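Bear in mind these aren't lab numbers, they're just calculated from the coordinates by the rules spelled out. Here the structure is a predicted model, which is why all the values come from computation and not from measurement. FYI the Cβ positions are ideal-geometry reconstructions off the backbone, even for glycines, and counts take in every protein chain you see.
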Amino acid sequence: MARTQAADYDRRRDEIVSKAARLYAEHGFLGASVSDLAAACDVSKSAIYHYYVSKEDILFDVMRAHIAALEDAAAEAIATSSNPEAQLRALAHGFMSIYGADADRHTVLLNDLDHLPAAKRDEIVRIQRGLIGTMEGILTALEPGLKDRPGAPRAAAMLFYGMINWTHTWFNQNGVVTTCMLADMAADMTLGGLAAVAGRAA
C-alpha cells in the first residue's frame, strides 16, 4: 500500500525551499550543504531527503517558483493594455515588486543556474527566453525601427533587463528610492533611448 502523504507535506516542502533560498543566496549553492539546510529548518538531514530526493531538486524548486512569478507578471503586463508603453511600465513594476519581495530567490536564479541538471536548467532557460521575447515584442511595438537593425531588438531587451535584474545587489529598500520609483526610472530611460537606438538603423 502506498504511503499516505502528510497533510502538511506541501507546507513543509515550502519551508525547506524558503530556507534553502536564504542559504543559497548567502553562501551559494555549493557553499551550503544539506546538513546546513537541515539545521536551518531544525530537522534531521534524513527529514530533508524525505521531502526531496536531491539537493539539486531543492535548487530547482527555488528557481521554478521565482521564474513562474516573473512569467505571470509578464503575462499580466501584456494583458493590462494594448498600449506598449503601458505594458512596459506594468512589466517593470511587476518585476521590481517581485525582486523586492524575494531577493533571495532572485539571487539564486542569477548565480546558481549552472548547478541544475541539464533538463531542469533547460526548463528555466526556456522561460527566461520567453521573457526576453516578450520584452522584444514590447520594444519593437514601441519603436518599429528596431527591426531594421539586426540584433537590436534582442540587445535592447537585454539592456532593459540588465537595468533591473541586478538592483538587488545595491538597492536599499529602506532608502528614499522605492521599487516603484526604480521601475518608472527603468521605463523612462528605456523609452527615452529607444528612438536614438532605432535612428542609428537608418
Environment charge at Ala47 (Cβ cut-off 13 Å; Lys +1, Arg +1, Asp -1, Glu -1):
+1
Grab the beta carbon distance between Ser35 and Arg149, set R0 = 41 Å, and tell me the FRET efficiency rounded to 0.05.
0.20
Of Gly94, Gly130, Phe29, whose Cα points farthest to the positive end of the dipole of segment 25-131 (charges on the beta-carbon: +1 Lys, Arg; -1 Asp, Glu; origin at the Cα centre)?
Gly130
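Sorted by packing (mean other beta-carbon atoms within 10 Å per residue), highest first, where do 31-39, 186-194, 131-139 land?
Listed from highest to lowest mean packing, they are 131-139, 186-194, 31-39.
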Computed for segment 56-199: size of charge dipole around the Cα centre, +1 on C-beta of each Lys and Arg, -1 on C-beta of each Asp and Glu, debye to nearest 20, value 360
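In a shell of Cβ-Cβ distance under 11 Å around Asp36, excluding Asp36 itself, what net charge do Lys and Arg (+1) and Asp and Glu (-1) give?
Numbers: positive: Lys19, Arg22, Lys45, Lys55; negative: Glu26.
Computed value for this residue: +3.
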Result: in the chain the number of Lys pairs with C-alpha under 30 Å apart, spaced 8 or more or on different chains, is 6
Which of Phe29, Phe160 has the fewest Cβ neighbours within 10 Å, and the rest in rising order
Phe29, Phe160
Quick check: net charge around Ala187, other residues with Cβ under 9 Å of its Cβ, Lys/Arg +1 and Asp/Glu -1?
-2
Based only on other Cβ atoms within 10 Å, what is the fewest-to-most ordering of Ser54, Ser18?
Ser54, Ser18
Dipole of the chain [Lys/Arg +1, Asp/Glu -1 at C-beta], most positive-end residue of Asn165, Val17, Leu113
Leu113
Along the principal axes of its C-alpha atoms, what lengths does the chain span, in descending order and rounded to whole Å?
67, 41, 30
Among 62-70, 140-148, 8-16, the order from most to least packed when residues are scored by Cβ within 10 Å on average:
62-70, 140-148, 8-16
By the DSSP-based rule, helices of the chain that are at least 24 Å long along the axis (C-alpha) and have a mean Kyte score of at least 0.5 are 179-199
